[in-house]
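Readers should treat all values here as calculations from the given coordinates under stated rules, not as data from a laboratory. Quantities reported herein were computed from a predicted structural model and do not represent experimental measurements. Quick reminder, even Gly has a Cβ in these numbers, built from the backbone with ideal geometry, and neighbours come from all protein chains shown.
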Amino acid sequence: MQLLAFPVLAALALGGFAVPTLSPRSNTDSGLLVETTSGSVKGFVNHTAPDVRQFLGVPFAEPPVGDLRFARPQKKQHGGIIKAFSLPNSCMQQFDTSASTIYTEYESEFLVSGGNSEDCLYLSIWAPRLDKIQSQQGPLPVLLYIPGGGFTSGGQASMYKIPDKWVQRTQSHIVVIMNYRVNVFGFPNAKGLEDQNVGLLDQRLAVEWVYANIGNFGGDPKRITLWGQSAGAGSVAVYPYGYPDDPLVAGLIADSGGPGIVSGSDVAHTNFTFLAGLVGCKGLSPEKELSCVRKVPAQTLENALSYYSGNDTLPSISFKPVIDNKTAFSNWTERVLDGKIAKTPMIIGSNSNEGAGFVSFTPEGPGEQALAGATKIISCPVASEAKNRHLGDLPTYRYEYAGNFSNISPLPWFGAYHSSELPLLFGTHSEYGGASTKFEWEVSYAMEALWLSFAEDPTRGTVRAALGNVAANPTQQSYFSWPQFKQGSADMVLFAKDNKLVQLVSSKSIDTSCSVS
């Protein structure tokens, strides 16, 4: 095990976090009125991040309602003035009527808040003030984030994942977060449809929108990194397979997810037909069934799915991405070896105790064996994709996150659970569960620096970044070179283990447990 030592850097004092609210300056301020293909977008600046322009709730697609329900998303037509002052509604959420988890009991800031709607295909943009961008060398790199949620829920309005303070601190990048349709609205798999994974097509349309418009916000369309976590990471990981010749993005970051979590089937389309029967559309031809379900109120449809699934009624039904051989495939390794994947560089990794986020909550926890088994839900698909990318000689940087901080993980068995790295990456870790330790700030700055350095130039061969709080003390810079992942070598970055900021270790312990070698 190789330990990389870094100087201890002082923590940057940040103000309290506040949900972005409507506090706009005059729209005549420079950079707060931006022309896009969707319309002229009015943004705002508020006191919580005074050097950040916020454009919250920008439509990138026509509302997927009526005949567009379950259909391929349609590009948003120019609609005049868009007042982008508040986070949009999340897409229709499948809710669980029974489960108690660490998120419902302790960490609700990971959950989405606010309303949900079928009219939900919006994205939000956080960018430095225009004069700050103009003082730099050219347009800024862009992180385009796909939220997680198991493909059944999720969205932008998640308090731990608001990036305004991060952009305020660095002034060196732009963050965009998208919504996309989930559960049956995003992955209907109905016999009468040509496209089954329309939620993945929503993501592609968001990429296309950002590529076409981000230059007007000060971003560089040639330096977009598609980043996601959990289901968002699975989406990022399958993306280069679906668009091998025109990915539009320069980099990929997959936090806790790989193609292996996108593996649904149901070739007979029985799930959709069963749900149709629950909402009064039983015994119809595929075309009439689809037409009938499109007329059911969105909340009625969502309630029927959620209550049926939440009661563990048999037969079980689910709506997640399926193998359609267009956006998702069954032969990932074969496609890599055949070159049917974009050669886009990728950061990919998992957390050491992912399983704590998947088990039912009890104060004492389920025990190490249960946690280890549940952790493989994520760690093994990540390990498989890292191996596939190594076989295809695709630039890959692998990590494991092991942070265990009491304000994020208040009970000892939580550890580095699923999603627990996100508050450190978004810079929100001190906002809800109490003050962060000096070491926690250092880990946060280090991870942010590496993610941003990768976004600056994913093709340069290694990721080099100043680790630590350079903003607080510019004279104390320590540079780290992240080696490309090679199966069997000690080149996986391990974050925050045993009070050590960064170590280079072998991935053998993960890969062996997953039978990946």
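Calculate the dipole size of the stretch 99-258 relative to its Cα centre from +1 charges on Lys and Arg beta carbons and -1 charges on Asp and Glu beta carbons; express the result in debye to the nearest 20.
Approximately 420 debye in magnitude.
Mind listing the phi-derived Karplus ³J(HN,Hα) values for the stretch 92-105, rounded to whole Hz, using 6.51, -1.76 and 1.60 with θ = phi - 60°, and x for any glycine or proline?
3, 9, 7, 10, 9, 8, 9, 6, 10, 10, 5, 6, 6, 8
Using 1/(1 + (r/R0)^6) with R0 = 45 angstrom and r between the beta carbons of residue 515 and residue 119, what's the FRET efficiency to the nearest 0.05?
0.50
How do 289, 194 rank when sorted from fewest to most other Cβ atoms within 10 Å of their own Cβ?
Ranking 289, 194 by Cβ neighbours within 10 Å, fewest first, gives 194, 289.
Rank the residues 113, 379 as a footprinting-exposure proxy: fewest other Cβ atoms within 10 Å of their Cβ go first.
Placing the least packed residue first, the sequence is 113, 379.
Rounded, prolate or oblate: which fits the stretch 348-465 when a ≥ b ≥ c are the square roots of the eigenvalues of the alpha-carbon gyration tensor, with rounded for a/c under 1.5 and prolate only if a/b beats b/c?
It comes out oblate by the Cα gyration axes.
Skipping prolines and chain starts, which residues have an amide H placed within reach, meaning under 5 Å, of the one on residue 227, given they are 5 or more residues away or on another chain?
Close amide H contacts, sequence-distant or interchain: 144, 145, 146, 253.
Tell me, rounded to the nearest percent, the portion of alpha carbon pairs in the stretch 198-355 spaced more than 22 Å apart.
Summing the P(r) of the stretch 198-355 above 22 Å gives 54 percent of all pairs.
Can you give the net charge of the other residues whose Cβ lies under 13 Å from the Cβ of residue 442, counting K and R as +1 and D and E as -1?
For residues surrounding residue 442, the net value is 0.
Multiply the residue separation of residue 343 and residue 313 by 0.36 nm, subtract the distance between their alpha-carbon atoms, and state the gained length in nm to one decimal.
Taking 0.36 nm per residue and subtracting the Cα distance, the gain is 6.4 nm.
Scan the chain and note any complete DSSP helix (H) whose C-alpha atoms cover at least 15 Å along its axis and whose Kyte-Doolittle average is 0.0 or more.
Helices passing the filter in the chain: 198-213, 231-242, 438-456.
Out of residues 5 or more away from residue 220 or on other chains, whose amide H comes under 5 Å of its own, with H placed 1.01 Å from N in the peptide plane?
It is 140, 142, by chain and number.
As a footprinting exposure proxy, order 511, 255 by other Cβ within 10 Å, with the fewest listed first.
Lowest count first: 511, 255.
With a Förster radius of 35 Å, plug the Cβ-Cβ distance of residue 195 and residue 108 into 1/(1 + (r/R0)^6) and report the FRET value to the nearest 0.05.
0.55
With θ set to phi - 60° and the Karplus curve 6.51 cos²θ - 1.76 cosθ + 1.60, what are the ³J(HN,Hα) couplings of the stretch 320-329 in order, to the nearest whole Hz, using x for Gly and Pro?
9, x, 10, 6, 10, 6, 10, 10, 9, 9
Calculated FRET efficiency, residue 97 and residue 267, Cβ-Cβ r, R0 25 Å, to nearest 0.05?
Rounded to the nearest 0.05, the efficiency is 0.30.
Report the local net charge at residue 352: Lys and Arg +1, Asp and Glu -1, summed over other residues whose C-beta lies under 13 Å from its C-beta.
Here the count lands on -3.
Subtract the Cα-Cα distance of residue 464 and residue 284 from 0.36 nm times their separation in residues, and report this length gain in nm to one decimal.
Once the chain is fully extended between residue 464 and residue 284, it gains 58.9 nm.
Quick one: length gained pulling residue 369 to residue 295 fully straight, 0.36 nm per residue minus the C-alpha distance?
Separation in residues times 0.36 nm, less the Cα-Cα distance, equals 22.0 nm.
Per residue of the stretch 65-71, in order, report the coupling 6.51 cos²θ - 1.76 cosθ + 1.60 (Karplus, θ = phi - 60°) as ³J(HN,Hα) in whole Hz, putting x for Gly and Pro.
Residue by residue, the stretch 65-71 yields 10, x, 5, 8, 4, 6, 9 Hz.
Given the alpha-carbon gyration tensor of the chain, what are the semi-axes of its equivalent ellipsoid in whole angstrom, ordered largest first, with each equal to the square root of 5 times an eigenvalue?
33, 28, 23
Net charge near residue 215: determine it from the other residues with C-beta under 13 Å of the C-beta of residue 215, scoring Lys and Arg +1 and Asp and Glu -1.
0
Could you give log10 I(q)/I(0) at q = 0.25 Å⁻¹ for the stretch 203-261, computed by the Debye formula over C-alpha point scatterers of equal weight, without solvent?
Evaluating at q = 0.25 Å⁻¹ gives log10 I(q)/I(0) of -1.00.
Could you pull out every residue, at least 5 positions away or on a different chain, whose amide H is within less than 5 Å of the one on residue 349? Hs are placed 1.01 Å off N in the peptide plane, and Pro or chain starts have none.
It is 254, 256, 257, 399, by chain and number.
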